[in-house]
1. What single numbered condition from (1) under 23 Å from ASN368 (Cβ atoms); (2) assigned to a loop (DSSP other than H, G, I, E, B); (3) touching a residue at least 12 places away in the same chain (Cβ under 8 Å) fails to hold for GLN586?
2. Find the residue count for the stretch 202-221, including only residues that are among the small types (Gly, Ala, Ser), in a helix (DSSP H, G or I) and touching a residue at least 40 places away in the same chain (Cβ under 8 Å).
3. Considering only residues that are of a type outside the set (A, V, I, L, M, F, W, C) and part of a helix (DSSP H, G or I), look in the stretch 26-56 and name the one that is surrounded by the fewest Cβ atoms within 10 Å (Cβ to Cβ).
4. Report every pair of residues separated by at least 6 positions or lying on different chains whose Cβ atoms are under 8 Å apart, first residue within the stretch 40-52 and on the phi > 0 side of the Ramachandran plot, second assigned to a loop (DSSP other than H, G, I, E, B) and loosely packed, with under 14 Cβ neighbours inside 10 Å.
5. Please count how many residues of the stretch 645-660 are in contact with a strand residue (DSSP E or B) (Cβ under 9 Å, 6 or more places away or on another chain) and of a type in the set (Gly, Ala, Ser).
6. Within the group SER658, SER617, which residue is out of contact with any Lys or Arg (no Cβ under 6 Å at 6 or more places or on another chain) and not aromatic (Phe, Trp, Tyr)?
7. Is it fair to say SER640 is outside the structural domain of LYS400 (by TED's automatic domain parsing) and more than 24 Å from PRO570 (Cα to Cα)?
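The values are calculated or read from the model by the stated rules, or taken from the named source; none is laboratory data. Predicted model only: the values in this text are computed from it and were never measured. Here the Cβ positions follow ideal geometry from the backbone for every residue, glycine too, while neighbour counts run over all protein chains shown.
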Amino acid sequence: MDGLLQEDLATLSDLDEKSLLESLSERFKQNQIYTYIGDILVAINPSKYLPIYEKEVSERYKCHEKTALPPHIFAVADRAYQSMLGRLATGPRNQCIVISGESCSNRGFCGSTVESGAGKTESTKLLLRQIMELSRANSQLEQQILQVNPLLEAFGNAQTVMNNNSSRFGKYIQLRFHNSAVKGAKINEYLLEKSRVVQQDEGERNFHIFYCMLAGISQEDKEIYGLLDPTQYRYLNGRYGTEDMVHVWSEKYSEVSNAMDMVGFEEQEKVAEKSSGWLKATAGQFGVQEEELLRSLTCTMSMTRGEAIRRFHNQQQAEDARDSIAKVAYGRVFGWIVSKVNELLAPDVDLDVQLSEIGILDIFGFENFTVNRYEQICINLANEQLQYFFNHHIFLMEQKEYKEEGIEWDTIEFKDNKPILDLFLTKPFGIFSLLDEQSAFPQATDKTFVDKLNNKFKSHPHFEVVRSHNPLFTVLHYAGKVQYNGSGFLEKNRDTIPGSIRGLFINSVTPLLSVLFTATISRTGTLMPRKAKLVQTADDNFNSTRKQSVGAQFRHSLAVLMEKMFAANPHFVRCIKPNSNKQPDQVDSNIMMDQLRYNGLLETIRIRRDGFSWRPSFKEFAERYSILLLKPHLPLNKESCMSILNITELHGWKCGTSRLFFKYVHEEELARLLDRFGRAALVLQKNWRAVRCRRRYLALRAEVRRQRQVQREREEREEEARMQQLLEEETKRRQDAERENKRPASPPVPLPRMKKPQPRPRSILPGSPKAFRLAPVPRPRSKLFEATPFDNDLDVNSDLAHLVGEVGGEERAKERHTKRRKTIRWFKETQARKVVRNGAFPCWFHGMITRRQAEDFMTDKPMGCFLIRVGQSREGYTLTYRGRDRCRHYMIEMQTNGKYVILGEDRAHSSLPDLVAHHTRVGIQPFMEVLTVPCGQMCDQEPDYEELKNLMLPPSLADRGHAPWGEEPESGPDQVQACTPSVPLNPPGHERDSAALFSQSGSIAIQSCLPGAWKTADW
């Protein structure tokens, strides 16, 4: 049994199909759904929840050793991230993670479900989450990137016969990094299944967003937009769902809306017009004239010898025109969403900064339905490309290098799918080339296209002719035989839009639609709306792209994708389904064996067990590992490599004519040696820095003591001189008085004992041109600082810097003052009216105070007490929370769309009161702390702050905002408690700044409140 539960199948002693299937099956029954094949991860869909993705599991897989923990999807993310940074055997290099497997077929199910954690879509989410954890830099960008997936899922996923959340498009996510922190992301989308908008097969549904919108939108908005009962819509097939499903879709709609807020989408203008007529309502939504829309649907205009000829459509042609509008509009909106996401997540760095990259490919799996159409042949072509990439990287390239370098090797045979790719892509006689050729002829039909394929490829080993009255043909893919129905191939490949419809939307008064239809289309089919500046230019671009078919665009996009992947270091995740019924804890041996065979996993195990997956050149190896010899200026040649390897005690490697050959286990052993040197270097750096700081501290302390001694001696001399002078003056005065009175001089009165002069504060030195105030001693930071980012800007001007000769203090103070003034101006111009509710500040708002002042104010407050203050050096806010043993400070970020987000949270809010109200119910991550008591002030008729007193409304508005003292002002359900906040007095030098923050003339009146008044409902 222990032999069957091997975590790495490349270590199996008996290697055949039976032992491979038994090993995977036994591990699956033990809920061990992940298994290694060398450096390749195999994931089996469990179809149930497994507690293996929690926070503590994620932490264990950070910078871990492969053999120390079980196989996991988090381990793949960690290996890709560490490889990108150059911390493993190879140097820094771009990485890509390829997630592949069967998606849906008539033989079973291998799709992604929310509970599975092993499907392609779910694996992509888990990889993204772990990489964001690894690169966490306390910025909101990580949360924005994570919110992209649910947003695109809503618009690009749908329920199919075999999968409730099937991806109907492909995407390649490029994460951009500078050093170890993520700086941006880009999404590349492929082949959205637009035909699903107007037609779904039995048992399938339209895209998720339609159901979510109808379930989540308010009744008032439904009336405004003219939305009816969902069962009346043809595009939904008259089906909607149960009450439980409607509730799920409603929650999903809230998640999608929040995701758009988090990513940074602004509130778009929507043309809404109440109407009882379908055509009028549609024209109103599209921003076009009703008559023009009707004309474009029911007739076609053409010019013959300068005369306009109108040809009316029959019912079928009118329905096709209607469906064409729906498909192209949805496709353009989806492309615009992706383009907008890329714009909002673009790296905010200089162009000359070199960025590293990790790419994650989440693309539709191999599909074989009862009826396979144009979309299926494109999807399966993409999977053929991915299988070829896998074969090329694992088998072709590796075995070719063995022969070139003279390594003894028994060639491993594998199923090469290059002939299948040639069948599809060869020019000018491949399937897609012939499809483009037929699409260019107006008289060609789907039947003539299939007849041409039959004549051309009847003798091809991967093509079969189907004798039928319908346009059918069969292709023998790497994953099995698939029969395609050619009906609709030509029309979908052309994807043409009537000129009247295109012109109609270009002139739409709805800004979004006008932008979408005047946009530039790239060779890969990507929408580029920002480049469309002139309607005529955009129209020319549109017409030029129509010469390029959908198939041609898809081939170009695949070529660009393969180019990116071949230039990166790949990591493979192979998804496998255990059964066709989506049942947990069930294994269908036949289904699993089919997948193991056509994925070539048996051959993969052989080459990973016996082969050499890592093959660096002599120069690369010597540059990377010369430090192991502790010899500087080591020559980068074969002899140096041999010297390095002799001290590593590695076994099983081989040396070629120009490079070395290592097994996958050697990478980890060499990385472990480098890591030991890295830890030793950290110890040396730590101790050297400690010694340097200690010496600097001792020098500084000695200088301070010397200055104090000099100051004390000078003061003593000055005091002695002053006392001597006073004594002389008193003696002279007495002598003068005695001479005047002619009486004997009285004995001198003894002077009082001279007191020892008191030392001045240490920051005041003799000869200093200006006496600076002593900087407050900062409190130690929280041990949980990494998890709770906070504003730690203290306005400190320490004279100790002047004692050691440092300069620039005045410049820094001036810079801080400038930042403070900018923040004040930002608050007055953009935030003052947003914070105030019903004429007064909420109790928890405390203006612009320092972090230290906020903590002092919280000293005697109960746990859960909180306040919100304005950041001193940035445009934003900070929430100070009284925890069990310390105060925490959470930064509140301002999104570009005006939303408020606590740094690290995944929910955006339209206002600060909404943010506070939300976190009275939902705890703040990562400690799930709930806001309970606002840190108000004991106020009388006037606020404690001078700065708040200066914020007044005109008398007419003030009368409506105030209530007589002692009376409760009238308040509605949304009334915010008018208790004005209180904070300690401003530090010296900031009175005018603080007053300026709230001195906006004609702004807002302050309501007074009863001492300690607070109502939870007023939040």
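1. Condition not satisfied by GLN586: (3).
2. 1
3. GLU56
4. Pairs found: SER47/GLN583.
5. Total meeting the criteria: 2.
6. SER658
7. yes
Yes or no, residue by residue, for (1) surrounded by fewer than 18 Cβ atoms within 10 Å (Cβ to Cβ); (2) outside the structural domain of ILE131 (by TED's automatic domain parsing):
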site: ALA185; (1), (2): no, no
site: GLY203; (1), (2): yes, no
site: ALA215; (1), (2): no, yes
site: LYS222; (1), (2): yes, yes
site: GLY226; (1), (2): no, yes
site: THR231; (1), (2): yes, yes
site: TYR235; (1), (2): yes, yes
site: GLU243; (1), (2): yes, yes
site: LYS252; (1), (2): no, yes
